[in-house]
Amino acid sequence: MNLWNKSSWGSGITANPVVALLMLASIIGAAITELSPSLTALFFFSDPEKGQYYRLLSPIFLHFGLLHLVFNCLWLGILGARIELLEGSLHLLILVLITGVCSNMAQYYWSGSIYFGGLSGVIYALLGYIWIKNKIAPYNYAPLPSGLMGFMVGWLVLCMTGILEIAVGIGVANAAHLGGLIVGLLIGLVFALIGKSKTG
């Protein structure tokens, strides 16, 4: 139940317009980071006290390299499309907006740096959202593959050790990942309890 198993791109876009738009925005963001450092600077995070409120969200569309872009778009297609198909485009859009801002703020206030980007914080939020809904109100809400949550949390912990930065020089926005996961779990918990009360 995701964008990638549709019979054609056209049908996938029709069924998952928000996922498709987020992917397009991410592709544009990746192109900007690759081609124009001066333009990229306009989309890095900005403290809300300084205005330019779009910059609270815009870092989620900045991607640094093809692998970064493909990895995040793949998970967006797997996780985001499940939510969009079951709960609607507006629901997914609001979820992305909230968790995108929260994960960006977590990264900024933890690191003090504005030089970060990517959808990974949102991806972790979507993961947490789906996982907790299945745990609290298991009514076949797009169940995740067995072991996926454990793998992703393990990857999060591994990244937080700093091994990747030391071994291969890859900077990881760990606070964005953790912040996104926590916010996604909290939002999912609220909706799961509401759904359970309605069905129970």
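Each reported figure results from applying straightforward, stated rules to the coordinates on display, with no laboratory input. All values derive from a computational prediction rather than experimental measurement. Glycine gets a Cβ as well: all are built from the backbone with ideal geometry, and neighbour counts include every protein chain shown.
How large is the dipole of the chain about the Cα centre if only Lys and Arg carry +1 and Asp and Glu carry -1, each at its Cβ, rounded to the nearest 20 debye?
Dipole size: approximately 520 debye.
Compute the semi-axes of the equivalent ellipsoid of region 70-127, taking the square root of 5 times each eigenvalue of the Cα gyration tensor, and list them largest first in whole Å.
23, 13, 7
Looking only at 48, 145, 17, which one moves most when the chain is put into a Gaussian network model with springs between Cα atoms under 10 Å?
Of 48, 145, 17, the most mobile in the Gaussian network model is 145.
Using only helices, what value at 222 nm comes out for the chain when you add -39,500 (n - 2.57) per DSSP H run of length 4 or more and divide by the total residues, to the nearest 500 deg cm²/dmol? Mind dumping the intermediate values first?
Numbers: 10 runs with 132 residues, N = 200.
Result for the chain: -21000 deg cm²/dmol, rounded to the nearest 500.
Over its Cα atoms, what ratio of radius of gyration to 2.2 N^0.38 Å does the chain give?
1.01
Give me the angle, in degrees from 0 to 90, between the Cα long axis of helix 89-111 and the longest principal axis of the Cα atoms of the chain, rounded to the nearest 10.
40
Running a GNM on the chain with Cα contacts under 10 Å, which residue among 28, 78, 182 ends up with the highest mean-square fluctuation?
The residue that fluctuates most here is 28.
Pull up the cross-link candidates among the aspartates and glutamates for residue 196, meaning alpha carbon to alpha carbon under 20 Å and not fewer than 8 places away within one chain.
Within the straight-line cut-off, residue 196 pairs with 84, 87.
How far, in nm, would the chain grow between residue 24 and residue 186 when pulled straight, counting 0.36 nm per residue and subtracting the alpha carbon separation?
So the extension gain works out to 55.5 nm.
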